[in-house]
Amino acid sequence: MIQHRFTPHPLILGGHAQTIGGTYLWSAPPYKAVTHIVELQDGDKIVLHDDCPKNWTGLGKVAVLVHGLAGCHGSGYMRRIAHKLTAAGHRCFRMDQRGCGAGVDLAAGSTNGARIGDVAAALSYVRTTCPQSEITAVGFSLGGAMTLRLAGEMRDAFPADRLMAIAPPIDFWKCSDSMERGLNRGYSRYFAKLLVRRVNDNSALRQQLRADVLKSPPKTLAEFDHRVTAPLGGFSSVDEYYAAASPVKVLSSVRAPTLILSAADDPIVVSADIETAKASASVFTHITRHGGHLGFLSGRRSPGDPDWHWMDWRVVDFVAGDH
C-alpha cells in the first residue's frame, strides 16, 4: 500500500539514532486548534484538538490522531502531521488520552493500553461532528495498539472508515521484555520518568496510589506497569493488563481497511511480531528495514515529500487515499 521507499539519512543511521532524531529534530507552527471536551461514560473527560482547514465544507477527509505512551496533542509527530494534513485540506482531530495534555485535570482515572473505549468515544464524537466525511484513525505506538484492538473487537461497528497504526506494540509482554534489555533500558527509564511526572501532576491519581509508590517511584516501565498502571486500571496483575491491552489476538477480526507501518530496527516495538501475526485480509503491513521508533528521517526524499519526515507524508497519503 506504500509506494515510496524509505531511505534513512546517511548521518542518522540505526534504530536508536532514528528514534532519538525523530523525537528532537522537528519544528511545527504555533497552536491554533479549537478544543472539544468529550465526556466518557464514567464521568471523566478527554480533549480533542480540532485543526480545521480554511474553507472547510464538511465533505472533506478527516483524520483522528491518537498519541503514544507519555505523549499528548503537543507531541512532535502529532503537531507536524496535523499541520501537514490541514495544509492538504484535511480536517484533523488530535486526541488527548485520559489524563493527558489538556485533559490532565479532567479525569480521575489514568490512561492505559486497555482503555480502548476512550478511543471509541473520540471516534464516535468525530463521526457525529463530521457525518458526511470519510474518517481515518491514525494511532502512534501505544495509540496504534489501542486503535487496532478497538477495530478487532468492534469489527464492523468500528467508528472509523480506515485505520493506520504506526509502530504499534501488538504483544505487550514481548515489548516489555525487549525494553529491559541492553541499550533499550534507557527508553524504559525515560518513559518511567515521564509517566511518574504525569502521575505527580494529577492530584486525583496521587490519592489512589499506595504511599510506598509515591515515596519510592518506579524506575523502569515494567515496574511502572506493575506498581501503577495495572492497579490504577483495576487489574489484578500486570499480566492481566497486558492480556487486555495486546491486540495480537484480535487482528484476525479487523474489518476496516488497515495499514500497519513499522521498522525492523525499532528498538521499542518488536516488529517481527507484526509480520508473523495472524491478521485478517483487511490488514496490510509495511515493515521498512530502517526508521527506528517513530523516526523515519529520510536522506532521499520521496517524490512529492517537501521535507525529510517520511512517516508524516505516508500518513497524509493514507488519509488522502493515495496508497
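Read the figures in this text as sums done on the coordinates, not as results from a lab. Just so it is clear, the model here is predicted, and its values are computed rather than measured. For neighbour counting, all protein chains shown are included, and Cβ atoms are generated from backbone atoms with ideal geometry for every residue, glycine included.
3J(HN,Hα) along the range 218-235, derived from phi through the Karplus expression 6.51 cos²θ - 1.76 cosθ + 1.60 where θ = phi - 60°, amounts to x, 9, 10, 5, 4, 5, 5, 4, 5, 9, 10, 4, 4, x, 5, x, x, 9 Hz, with x in place of Gly and Pro. In a simple Cβ point-charge model (Lys, Arg +1; Asp, Glu -1; nothing else charged), the range 181-245 has a dipole of about 380 debye relative to its Cα centre.
Which chymotrypsin sites (Phe, Trp or Tyr not before Pro) in the range 1-100 sit in a loop by DSSP (not H, G, I, E or B) and have at most 15 other Cβ atoms within 10 Å of their own Cβ? In loop regions of the range 1-100 (DSSP not H, G, I, E or B), the sparsely surrounded chymotrypsin sites (Phe, Trp or Tyr not before Pro) are TYR31, TRP56.
Taking the range 255-323, which chymotrypsin sites (Phe, Trp or Tyr not before Pro) meet the DSSP loop condition and have no more than 13 other C-beta atoms within 10 Å? Walk me through the numbers before you get to the answer.
Values: sites: PHE284, PHE296, TRP308, TRP310, TRP313, PHE318; in loops: PHE296, TRP308.
Filter output for the range 255-323: empty list.
Contact order for the range 195-300, expressed relative to its length and based on alpha carbon pairs under 8 Å spaced 6+ residues apart, stands at 20 percent.
Amide H contacts for ALA63 (H built 1.01 Å from N in the peptide plane; partners 5 or more residues away or on another chain; cut-off under 5 Å): ARG91, CYS92, PHE93, THR136. May I ask for the percentage of alpha-carbon pairs in the range 226-323 that lie more than 19 Å from each other? Value for the range 226-323: 57 percent of Cα pairs lie more than 19 Å apart.
With a ≥ b ≥ c taken as the square roots of the eigenvalues of the C-alpha gyration tensor of the range 181-245, please select rounded if a/c is under 1.5 and otherwise prolate if a/b is larger than b/c or oblate if it is not? Before the final figure, lay out the partial values.
Working: a/c = 2.01, a/b = 1.15, b/c = 1.75.
Oblate.
Where both bridge residues fall in the chain, DSSP classifies roughly 35% of the beta bridges as antiparallel.
Mean sequence separation of contacting Cα pairs (under 8 Å, at least six apart), scaled by the length of the range 181-245, corresponds to a relative contact order of 29 percent.
Rounded if a/c is under 1.5, else prolate if a/b beats b/c, else oblate: with a ≥ b ≥ c from the C-alpha gyration tensor eigenvalues square-rooted, which is the chain?
Numbers: a/c = 1.43, a/b = 1.17, b/c = 1.22.
It is rounded, given that a/c, with a ≥ b ≥ c, falls under 1.5.
Can you flag which of LYS45/LYS249; LYS45/LYS215; LYS174/LYS278; LYS32/LYS193; LYS32/LYS54; LYS45/LYS84 are past 18 Å Cα-Cα? Violating the 18 Å limit, Cα to Cα: LYS45/LYS249; LYS45/LYS215; LYS32/LYS193; LYS45/LYS84.
How do ILE274, ILE287 line up, fewest other C-beta atoms within 10 Å first? Each step should come with its number before you reach the end.
Values: ILE274 26, ILE287 15.
Listing ILE274, ILE287 from fewest to most nearby Cβ atoms yields ILE287, ILE274.
Taking other C-beta atoms within 10 angstrom as a stand-in for reagent exposure, SER75, SER253, SER27, SER262 fall in the order SER27, SER253, SER75, SER262, fewest first. For LYS215, LYS193, the sequence from fewest to most other C-beta atoms within 10 Å is LYS215, LYS193.
Counting other Cβ atoms within 10 Å, which trypsin sites (Lys or Arg not before Pro) in the range 15-68 have at most 16 and lie in a DSSP loop? List each step's numbers first, then the result.
Working: sites: LYS32, LYS45, LYS54, LYS61; in loops: LYS32, LYS54, LYS61.
Answer by residue number: LYS32, LYS54.
Averaging Cα coordinates gives a centre for the range 132-209 and one for the range 26-89; these two points are 17 Å apart.
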